[in-house]
């Protein structure tokens, strides 16, 4: 009797996960937009603290876990990131560890969403929105590389105002590079910084031209229910 009850609960949990897997991709994009375009600028303006950003990252990790297909090895990486980030919320921020951890967490979310999107048999609007999450996360992964490079080689980037470059401004630089906007107010001057910026610009164009275009084509050709 007890075994039958456990099996029933497990089946209900699996059915619930199947129902929320695709919508969680849309929810993840909403959370990513809030983090990037609302919370990030407020943090740079000193209107939010790092605890809020860490909490948003934890929320994104939890939502991305829902998007994972069954028996995915990425789930272990997500749980590890969650444990360390929860620990950091308790003991306080560690700048260098925080940079590494946020980069690993972003990579984990990217892997989770990538598995859900690119391994799907049927492309829905949720998968298309999930692909946008991957695209935005590419920019965030480059932010981690830029920030590390700027710490190793101070002055690797210059800003037109002459003020010291802040980490939040590298998010802006990464997004303008990924989308090939290139306003020119922040410039990579170190050879490695220029190489990374070139790599990101190429990756951004290839993602749109190959991966996203392929998903849109598959979605357009999918039979409607």
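Residue count for the stretch 180-193, restricted to those that are under 20 Å from residue 136 (Cα atoms) and assigned to a helix (DSSP H, G or I): 1.
Within the stretch 194-201, none of the residues are outside any helix (DSSP H, G or I), in contact with a helix residue (DSSP H, G or I) (Cβ under 6 Å, 6 or more places away or on another chain) and modelled with pLDDT of 75 or more. What about residue 176, is it over 23 Å from residue 42 (Cβ atoms) and at pLDDT 90 or above? Taking the combined requirement at face value, the residue does not satisfy it. The criterion of being surrounded by 16 or more Cβ atoms within 10 Å (Cβ to Cβ), modelled with pLDDT of 85 or more and under 18 Å from the mean Cα position of the chain (by Cα) does not hold for residue 55.
Having 1 or more residues that are closer than 26 Å to residue 207 by Cα and in contact (Cβ under 8 Å) with a residue 60 or more places away in the chain is the bar; report the helices (runs of 4 or more DSSP H) wholly within the stretch 69-179 that clear it. Break it down stepwise before answering.
Numbers: elements: 74-91, 95-118, 125-152, 167-178.
Qualifying helices (runs of 4 or more DSSP H): 95-118, 125-152, 167-178.
The values are calculated or read from the model by the stated rules, or taken from the named source; none is laboratory data. On a predicted model such as this, the values are computed, not experimentally measured, just so you know. Neighbour counts run over all protein chains shown; Cβ positions are idealised from the backbone, glycine included.
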